[in-house]
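Enquirer: One structure, as structure tokens, below. Some questions next.
The values are calculated or read from the model by the stated rules, or taken from the named source; none is laboratory data. Just so it is clear, the structure is predicted and the values come from calculations on it, not from any experiment. Note: ideal-geometry Cβ built from the backbone for every residue, glycine included; neighbour counts use all protein chains shown. Ligands, DNA and RNA are excluded from the accessible area calculation, which covers all protein heavy atoms including side chains. Shrake-Rupley method; radii C 1.70, N 1.55, O 1.52, S 1.80 Å.
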Amino acid sequence: MTHLLAHTSVQQLKGVGAALAEKLAKLGLTTLQDMMFHLPRDYEDRSHISPICTAHAGATLMLEGEVLAADVAKGKRQSLAVRFSDGTGSITLRFYHFYPQQKEHFQRGTRMRIFGEIRLGASGMEMYHPEYKTVQLDEPLPDANLTAIYPTTEGLTQVRLRQLMTEALSHVSAQTLPELMPNYANSRLNLLNALHIVHNPPSNSNRELLLSGIHPAQQRLAFEELTAHQISLMQRRQHIQSIPSPTLKADCPLAQQLLAKLPFQLTNAQQRVWGEIAADLTLNKPMLRLIQGDVGSGKTIVAALAACHAVASNWQVALMAPTEILAEQHFVNFSAWFNDLGLPVAWLSGKQGVKDRNASLAKIESGEAKIVVGTHALFQESVQFARLGLVIIDEQHRFGVDQRLALRQKGEKLGLSPHQLVMTATPIPRTLAMSAYGDLDTSVIDELPPNRTPVTTVALPNARRAEVIERVRANCLTGKQAYWVCTLIEESEQLEAQAAEAIYEELQKELPELKLGLVHGKLKANDKQAIMKAFKLGELDLLVATTVIEVGVDVPNSSLMIIENAERLGLAQLHQLRGRVGRGSTVSYCVLMYQSPLSHMGQERLAIMRATTDGFVIAEKDLEIRGPGEVLGTKQTGLVTFKVANLSRDQQLLKTAQQLAKTMQKDQPQQAQALVHRWLPNAPKYVAV
Ligand code: ADP
Ligand code: MG
């Protein structure tokens, strides 16, 4: 074959017809080039035996030990269950498909080697349908190479996929799959060699390195992948900035008026970030800026100042937040700031009544509403802006890139693209930010307003609940307020609401002298608003809530936060929740309640929360413990999942990848485009500018 693999269909492989091609397409594999960049997610290692005590779910391992017992388990589905031990631990081998005599293979005391994937099953750690064979004591291990394990799909076995890969690999040459990375063509680690090593590790390759993803062949591919990803982000940015935007004045009397009304002075960090924004706004290409600032660092006022620049030149501003509660809070703040200056603020939410909604829509369309605050409802088609000049999005990581683009398009009626400001309180490690928001410039508010006292955090087991309740009583009887956050693992708002109601009732009984309120996701917007308002006014002592209060709620008189089942939450979420207290000048406390016994990871997490209140440190740890997908919520961000790169492990490659991306985009645009196509075949294609 001498054709480019990028143009060769998988149907060219032996035995691949329409049906199999369809399965491959499910994995995103339509050409032989796609096949080559479908990289192993792991390797089978049959070269050594693992002790059972080191096994964990998801690992594919070889074990050696003795059969303890074999039984046909009745249950929902009959299965042959074999108890198996190696002296360090035991495990169940489970066979759902078995023949009656099969049980005879597993005589008590038989010595066996087992190979398979560990899962958590009915009896704890189990292997389903492992390979097994009887061995003698001290039988030598076969001299086996590492075997690739690929991401696959239903109806396509590893064995078949591996055969196809082997065949596809035989078609790879410098002609059919050209090297795109500068400086690699003549190196030992050219694309061909790297792909051979990674798909089909030769027996002399370094296992340890391969298994941990840091073999030079893998690192070379990871570097290429990161470069491709950076190029695609740059293309997106160029595309957005190819449409001009309104130019706004840098000095802004309206902003000065707003500042004069505030009871505080901007911190240096706020001042600096505002300056960066103002400079962006004077250009005739859209600002694309991310403000990162820890909870309570005062991002809202900076957003309001940015809004002043747009409004002063008669442009409209849309401010969007991911939850009703947070959007309402912004609406209240912005109304207080802007109504006084003679600038009405409009409100738009999905839960609003039809009449109110239509009234808002009309004001937005006529241009009468200068500032519009709302939720996702702002994305909807019925929303037409007269002159949208600036889009502000709070808590960016909860919105997808697509949504950000949709709102931008609302401003394009006049042939202009609105400026974009996004804010996040989830401090994202720098490397992650470079990948997730690589198309945005970043400003960091790295200073908290003065007179904040750091929150003291303690962790207590559920067994000490009575003490925690006493603590709430004592706290609230001094006139301070408190939060009690109920969490559930279930994804259902319904169940979460029920659980919160039960706890609310319990606490009402226990704390008759206090006034309690309850908020959860199932309440009507009006009811929720009324309760939040009462809490803010100090009419309620204790607010029982689900994690809906996670972001934005700002009540400086609250000095105690109780979080139930803290061990189940991610660090970033705990940090957000804890950020609801410590907003005033009194000492505040956060009590993390947990169910004992805590897992090792659980202990580690709670220890970090006790040790630091610095959101950036917490974010770095979160990334280490949970990995980037979890930290950012891959689905929500539209963040690509990498094939070989790992943002936590390969951080040190990012900087160079970014530089190379810039050079390639400038000097070798066609090669750059081919690289994106190779690694991200589904990335949107932007018209060249
Ligand atoms: P976040 O960055 O978490 O969104 P906010 O904008 O809600 O933080 O600000 C938190 C609180 O700090 C608000 O009550 C706000 O009015 C107040 N604040 C903001 N900037 C300052 C400042 N420079 N000095 C004192 N208080 C400030
Ligand atoms: Mg905020």
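Enquirer: Report the charge-dipole magnitude of the chain in Debye, nearest 20, computed about the Cα centre from +1 at each Lys and Arg Cβ and -1 at each Asp and Glu Cβ. Could you put the intermediate results ahead of the total?
Expert: Numbers: 70 positive and 67 negative charges, 188 e Å.
Taking the Cα centre of the chain as origin, the dipole is about 900 debye.
Enquirer: Using square roots of five times the C-alpha gyration tensor eigenvalues, list the equivalent-ellipsoid semi-axes of segment 55-152 in whole Å, biggest first.
Expert: Values: eigenvalues 88, 65, 33 Å².
Here the semi-axes work out to 21, 18, 13 Å.
Enquirer: Using only the Cα atoms of segment 265-380, what do you get for the radius of gyration and for Dmax, in Å?
Expert: My reading of the Cα-based Rg and Dmax gives 14.5, 44 Å.
Enquirer: Tell me the Kirkwood hydrodynamic radius of segment 94-222 in angstroms, computed as one over the mean inverse distance between distinct C-alpha pairs.
Expert: Details: mean 1/r = 0.0546 Å⁻¹.
With all distinct Cα pairs of segment 94-222 included, I get 18.3 Å.
Enquirer: List the residues, sorted by chain then number, that are 5 or more residues from Leu319 or on another chain and whose placed amide H is less than 5 Å from its amide H.
Expert: Val372, Val373, Gly374, Ile392
Enquirer: Beyond 45 Å, how much of the Cα-Cα pair distribution for the chain remains, as a whole percent? Could you put the intermediate results ahead of the total?
Expert: On the way: 81342 of 237016 pairs.
Of all Cα-Cα pairs in the chain, 34 percent lie more than 45 Å apart.
Enquirer: Taking the Cβ of Asn475 as the center, what net charge do the other residues with Cβ under 13 Å away carry, scoring Lys and Arg +1 and Asp and Glu -1? Write out the running numbers ahead of the final one.
Expert: Values: positive: Arg471, Arg473, Lys480; negative: Glu467, Glu470, Glu513, Asp541.
Combined, the nearby Lys, Arg, Asp and Glu give -1.
Enquirer: Excluding ligands, DNA and RNA, what is the solvent-accessible area per residue of the chain at a probe of 1.4 Å, expressed in Å²? Show your work: numbers first, answer last.
Expert: Details: 30690 Å² over 689 residues.
Accessible area per residue: 45 Å².
Enquirer: Give a residue-ordered list of calculated ³J(HN,Hα) values for segment 166-181 (Karplus: 6.51 cos²θ - 1.76 cosθ + 1.60, θ = phi - 60°; whole Hz; x for Gly, Pro).
Expert: 4, 5, 4, 4, 5, 8, 7, 8, 4, 7, 7, 9, x, 5, 10, 7
Enquirer: Okay, next question. Say the dipole of the chain comes from +1 at the beta carbon of Lys and Arg and -1 at that of Asp and Glu; which of Thr30, Asn204, Val311 then lies farthest toward its positive end?
Expert: Farthest towards the positive end: Val311.
Enquirer: Using only protein heavy atoms and a 1.4 Å probe, report how much of Arg83 is accessible, in Å² to the nearest 10.
Expert: 80
Enquirer: If each residue of separation counts as 0.36 nm, what is the full-extension length gain between Ala386 and Lys355 once their alpha-carbon separation is subtracted? If you can, show how the numbers build up before the last one.
Expert: Working: separation 31, 0.36 × 31 = 11.16 nm, distance 2.03 nm.
9.1 nm is the gain from fully extending Ala386 to Lys355.
Enquirer: Scan around Asp42 for amide H atoms under 5 Å from its own, H built in the peptide plane at 1.01 Å from N, and keep only partners 5 or more places away or cross-chain.
Expert: Ile149
Enquirer: Along the positive direction of the dipole of the chain (beta-carbon charges: Lys, Arg +1; Asp, Glu -1; about the Cα centre), which of Gln651, Gly538, Leu5 reaches farthest?
Expert: So the residue furthest toward the plus end is Leu5.
Enquirer: Counting C-alpha atoms alone, how compact is segment 15-113: give Rg to one decimal and Dmax as a whole number, in angstrom.
Expert: 19.0, 51
Enquirer: Short version: what are the Cα gyration tensor semi-axes of segment 195-350, square root of 5 times each eigenvalue, largest first, in whole Å?
Expert: 46, 19, 15
Enquirer: Would you mind working out the magnitude of the charge dipole of segment 70-192 relative to its Cα centre, with +1 at each Lys and Arg C-beta and -1 at each Asp and Glu C-beta, to the nearest 20 Debye? It would help to have the intermediate numbers written out before the result.
Expert: Numbers: 14 positive and 12 negative charges, 110 e Å.
Dipole about the Cα centre, nearest 20: 540 debye.
Enquirer: Within segment 456-561, list the GluC sites (Glu not before Pro) lying in a DSSP loop whose Cβ has at most 12 other Cβ atoms in a 10 Å radius. Can you show the working numbers first?
Expert: Values: sites: Glu467, Glu470, Glu490, Glu491, Glu493, Glu496, Glu501, Glu505, Glu506, Glu510, Glu513, Glu539, Glu550; in loops: Glu490, Glu491, Glu513, Glu539, Glu550.
Within segment 456-561, the qualifying GluC sites (Glu not before Pro) (loop, at most 12 other Cβ atoms within 10 Å) are Glu490, Glu491, Glu513, Glu539.
Enquirer: At 1.4 Å probe size, what's the solvent-accessible area of Lys522? Round to the nearest 10 Å².
Expert: 110
Enquirer: For segment 207-273, what size does the Cα cloud have along each of its three principal axes, sorted from largest down, in whole Å?
Expert: Computed over segment 207-273, the largest-to-smallest principal extents equal 65, 33, 11 Å.
Enquirer: Which FRET efficiency, nearest 0.05, do Asn183 and Ile625 yield, Cβ-Cβ r, R0 30 Å? Mind dumping the intermediate values first?
Expert: Working: r = 36 Å, r/R0 = 1.19.
About 0.25, to the nearest 0.05.
Enquirer: Let me ask you something else. For the pair Gln136 and Thr88, how long in nm is the line joining their label points, each one 7 Å along Cα→Cβ?
Expert: 2.5
Enquirer: OK, next. Relative to the longest principal axis of the chain, what angle (0 to 90°, nearest 10) does the C-alpha long axis of helix 216-240 take?
Expert: Roughly 30 degrees between the two axes.
Enquirer: Pairs of Cα atoms under 8 Å, at least six residues apart: use those to get the relative contact order of the chain, whole percent. Display every interim value, and only then the final one.
Expert: On the way: 1244 pairs, mean separation 90.9, N = 689.
Value for the chain: 13 percent.
Enquirer: In whole Å, how far is the Cα centre of segment 67-123 from that of segment 327-389?
Expert: The two parts, judged by their Cα centres, are 63 Å apart.
Enquirer: How much accessible area does Phe642 have with a 1.4 Å probe, in Å² rounded to the nearest 10?
Expert: Looks like 50 Å² after rounding.
Enquirer: Another question, then. What is the log10 of I(q)/I(0) for segment 439-511, computed with the Debye formula using one identical point scatterer on each Cα and no solvent, at q = 0.18, 0.22, 0.28 Å⁻¹?
Expert: -0.93, -1.10, -1.38
Enquirer: Under unit Cβ charges (Lys, Arg +1; Asp, Glu -1), what dipole magnitude, rounded to 20 debye, does segment 129-215 have relative to its Cα centre?
Expert: Working: 5 positive and 8 negative charges, 45 e Å.
My answer is approximately 220 debye.
Enquirer: For segment 445-604, what is the Kirkwood hydrodynamic radius in Å, using each pair of distinct C-alpha atoms? Can you show the working numbers first?
Expert: Working: mean 1/r = 0.0627 Å⁻¹.
About 15.9 Å, per the Kirkwood formula over Cα pairs.
Enquirer: Pull up the DSSP beta bridges for the chain and report the antiparallel fraction as a percent, rounded to 5.
Expert: Values: 32 of 86 bridges.
DSSP beta bridges in the chain are roughly 35 percent antiparallel.
Enquirer: So, in Å, what gap is there between the alpha-carbon centers of segment 567-598 and segment 515-546?
Expert: Distance between centres, Cα-based: 19 Å.
Enquirer: At 1.567 mPa s and 4 °C, plugging the Kirkwood radius over alpha-carbon pairs of segment 261-307 into Stokes-Einstein gives what diffusion coefficient in µm²/s? Could the numbers behind the result be given before it?
Expert: On the way: Rh = 11.5 Å.
So the translational diffusion coefficient is about 113 µm²/s.
Enquirer: Given a 1.4 angstrom probe, I'd like the percentage of the accessible area of segment 21-85 that is carbon and sulfur, rounded to a whole number.
Expert: Details: 1480 of 2900 Å².
Of the solvent-accessible surface of segment 21-85, carbon and sulfur hold 51 percent.
Enquirer: A follow-up question, please. First compute the accessible area of segment 145-211 with a 1.4 Å probe, then give the percent of it belonging to carbon and sulfur atoms. Before the final figure, lay out the partial values.
Expert: On the way: 1660 of 3350 Å².
Whole-percent figure for carbon plus sulfur exposure: 50.
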